[in-house]
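Worksheet for the structure shown next.
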Amino acid sequence: MGNCASDVKGGKQAVGGGGDGGHHRAQALGGGGGEGKNDAVDFFFRTKGMRPLGCQIELSLSASNLLDRDIMSKSDPMAVVYLKKRDGTLLEVGRTEVIMNSLNPAWIQKINMMYQFEIVQPLIFHIYDVDSKYHNLPVKTLKLKDQDFLGEANCVLSEIVTKPSQRLTLNIHHRDGRGSNNLGTLTILAEEPVISRSAVELTLKCTNLDKKDLFSKSDPFLIISRIVEAGGSIPICKTEVLNNNLNPIWKPVCLSVQHYVNKDNPLIIECFDFNSSGKHALIGKMYKTVAELQSLHGSKAGANFISPPSGLRKQEKLSKVELFVENFIEKQLYSFLDYVSSGFELNFMVAIDFTASNGNPQTPSSLHYIDPSGNLNAYQRAITEVGEVIQFYDSDRCFPAWGFGGMTYTGSVSHCFNLNGNPSTSEVDAYSIKLEIFFLGSGSWWFNLSKSGTWISG
């Protein structure tokens, strides 16, 4: 059964059929991840047994009041979208089509890219007036140096997706910052590609199970598989194992349209008795469509399993074991983007260890060492990497920040003090959180080793 019957946690946990419906499940993401990888956030996901959050999105672009470069007609604009890497280089993501004679274009060609929560994704938008002699060429083959540059705009992808409308309007400006910045506006709309998000949530129950174990009752679980046109079947979910239970009611499972394709597609439902050896005993199986499962729920009737051949009996037979659908709920699945665009916010709280165990901050081996060359220490790096991601998901971009195990300017040891030096509030803004407030950058903080084994700050 492949990963559907994984041995993680002894193979007794449910697999698949979760509330995310599979398609919107957090996934390991590619496409630029190597350049923008955030070690601190990546470490958090790995230690929690999670995978990064993200999804494929489409950017729709439109502009207003563009600069007119043509004498006898209006500009023929095209937009080019870049992702800015950490080293400052630009990676082209995509190009729109060319729109003839328009200073207010609404481009049809979408820009497809991967949205990645754990990475700051700076976007650069360049607008060009394409010369008429190139109009019959594919836009991907156009040499941009041969076109007239109309201006650029920039933002971070997170700024777009966190808007309630997932729409952001930017001012277009000169690339070098010289001259007038009144070059029009660019509007970007971010959307997930339209797919079906419908799903059904099933609560399944069995009665009169066979007692397969010698000294105890059966430990049943279900595996649901979808029959494929090419032949065979693929497992789409597995319930948890219920120990010593001949009349089990399993936790709800959620099947998305991506799982079952349509309500009339046949599914195989198999009931097994769990064995730690991995040789699970088949109790019975049946073939049902989602539509038939819905009908079972409506009628409150049960459906009999088919027992496999056993002993001298060479043929399958109708079993006394019945399957009931206790609940059948049709629902809509939501992605991470749905939550953030609806106002869901994330906050970041910081607490820093100032005890002497960190070492003398004046020596390079200390976790608090401030490198004159500008290299970040472990605390600075973790705070900066997490803070620069989370700031776009917090409306006021202010974060509580505390220290512990230090002697403050009052002369007393404190195991909880505000890092900003303000006794009435612990919050600092997203810009201060990066460096100055925490680590001596402003010169208002310095540390010495005291006899009590704490660092004196003041």
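Taking the number of Cβ atoms within 10 Å of each Cβ as an exposure proxy, the fewest-first ranking of ILE234, ILE283, ILE108 is ILE108, ILE234, ILE283. Per-residue Karplus couplings for segment 414-420, computed as 6.51 cos²θ - 1.76 cosθ + 1.60 with θ equal to phi - 60°, are listed in order as 10, 9, 6, 9, 6, 6, 7 Hz, Gly and Pro entered as x.
Roughly how far apart, in whole Å, are the Cα centres of segment 234-283 and segment 78-137? Here the answer is 47 Å between Cα centres.
Remark: segment 122-130, residue by residue, has Karplus-estimated 3J(HN,Hα) of x, 10, 10, 10, 10, 10, 10, 9, 8 Hz, where x stands for each Gly or Pro and the curve is 6.51 cos²θ - 1.76 cosθ + 1.60 at θ = phi - 60°.
The trypsin sites (Lys or Arg not before Pro) of segment 271-361 that meet both conditions, a loop assignment by DSSP and at most 15 other Cβ atoms within 10 Å of the site Cβ, are LYS279, LYS300, LYS314. If the segment from ALA301 to LEU137 were pulled out straight at 0.36 nm per residue, it would be longer than the present Cα-Cα gap by 52.6 nm.
For segment 62-69, the Karplus equation 6.51 cos²θ - 1.76 cosθ + 1.60, evaluated at θ = phi - 60°, returns couplings of 8, 9, 9, 6, 5, 5, 9, 9 Hz by residue, with Gly and Pro reported as x. As a proxy for reagent exposure, ranking ILE227, ILE329, ILE99 by other Cβ atoms within 10 Å from fewest up yields ILE329, ILE227, ILE99. If the segment from SER424 to ASP146 were pulled out straight at 0.36 nm per residue, it would be longer than the present Cα-Cα gap by 94.2 nm. Applying 0.36 nm per residue to the separation of GLU92 and SER395 and subtracting their alpha-carbon distance, the gain on full extension is 106.1 nm.
Throughout, read-outs are computed from the coordinates displayed, never taken from laboratory work. None of these values were measured; they are calculated from a predicted model. Reconstructed Cβ throughout: ideal geometry from the backbone, glycine too, with neighbour counts over all protein chains shown.
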